[in-house]
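Contents: one structure, followed by commentary.
Read the figures in this text as sums done on the coordinates, not as results from a lab. Treat the numbers as computed from the prediction; the structure is a model and nothing was measured. Because the Cβ atoms are built from the backbone with ideal geometry, glycine has one as well, and the counts that use them run over all protein chains shown.
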Amino acid sequence: MKNLFLPVFVVTFGLAVSCGASQKKTDDDHQHKKESAISVNYQSVDTIKVGNVEKTEDEWKQILSEEEYHILREDGTEPAFSSDLLDIKKEGIYYCAACGLPLFSSETKFESGTGWPSFYKPIAPKVVTKKPDHRFATVRTEIECAQCGSHIGHVFNDGPKPTGLRYCMNGLALDFKAK
Ligand SMILES: [Zn+2]
């Protein structure tokens, strides 16, 4: 009688690297055209001034890369696990990639396992605007930059203490500057 050995485990590592070849921000032109970010640390949040940055979509296209424009101005979402910011553990500030407003501090960043940079609160309540997002079956809460109205990500109620919130952000919508 023949022994028929069936493979017990057929492990297929479907490394779904759907990272969409995240174009690094090598486009210096785009960087230089951006307004210089305000230097801030977590202790000086009271000094953050939220202005009003208005640009035409054509002007945004001049400043932002194609990928950044899609996320920030067309409410896009980058592929999970594609952001260079995911593994950053350095102290520093995360700025709006469109207008340079400080949005998040490394002090509130946590590993959510979702594949997007996650924070439990913004650097100050005034720097973000919350809007209901009805685009999918469930109603989500969209997070926009309070200064320029660009789409940054969404906030969910399954975050860690002390807020219980998870600000699930697109890395391409943020510029990190180490302390
Ligand atoms: Zn902004």
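Going by the alpha-carbon gyration tensor, a ≥ b ≥ c the square roots of its eigenvalues, is segment 28-178 rounded (a/c under 1.5) or, if a/c is not under 1.5, prolate (a/b greater than b/c) versus oblate? Rounded is the answer for segment 28-178, as its axis ratio a/c remains below 1.5. Amide H contacts of Phe156 (H built 1.01 Å from N, in plane; Pro and chain starts excluded): Arg166, Tyr167, Cys168 sit under 5 Å, all sequence-distant by 5 or more or on other chains. Taking other C-beta atoms within 10 angstrom as a stand-in for reagent exposure, Trp60, Trp116 fall in the order Trp60, Trp116, fewest first. Listed by Cβ neighbour count within 10 Å, with the fewest neighbours leading, Cys148, Cys96 appear as Cys148, Cys96. Dipole of segment 98-173 computed with +1 at Lys/Arg Cβ and -1 at Asp/Glu Cβ about the Cα centre; of Phe110, His154, Leu172, farthest Cα towards the positive end is His154. For segment 28-178, the relative contact order is 26 percent, taking Cα pairs closer than 8 Å that sit 6 or more residues apart in sequence and dividing their mean separation by the residue count.
Under 5 Å between amide hydrogens, built in the peptide plane, is the criterion, and for Cys148 it picks out Val53 among residues at least 5 positions away or on other chains.
Using the Karplus relation 6.51 cos²θ - 1.76 cosθ + 1.60 with θ = phi - 60°, the per-residue 3J(HN,Hα) values for segment 49-54 come to 9, 9, x, 9, 9, 10 Hz, with x marking Gly and Pro.
Applying the Karplus relation 6.51 cos²θ - 1.76 cosθ + 1.60 with θ = phi - 60° to segment 73-86 yields 3J(HN,Hα) values of 10, 10, 6, x, 10, 6, x, 4, 6, 9, 7, 5, 7, 4 Hz, where x marks Gly and Pro.
What is the fewest-to-most order of Phe136, Phe156, Phe119 by other Cβ atoms lying within 10 Å of their Cβ? Show your work: numbers first, answer last.
Details: Phe136 7, Phe156 16, Phe119 26.
By the 10 Å Cβ count, ascending, the order reads Phe136, Phe156, Phe119.
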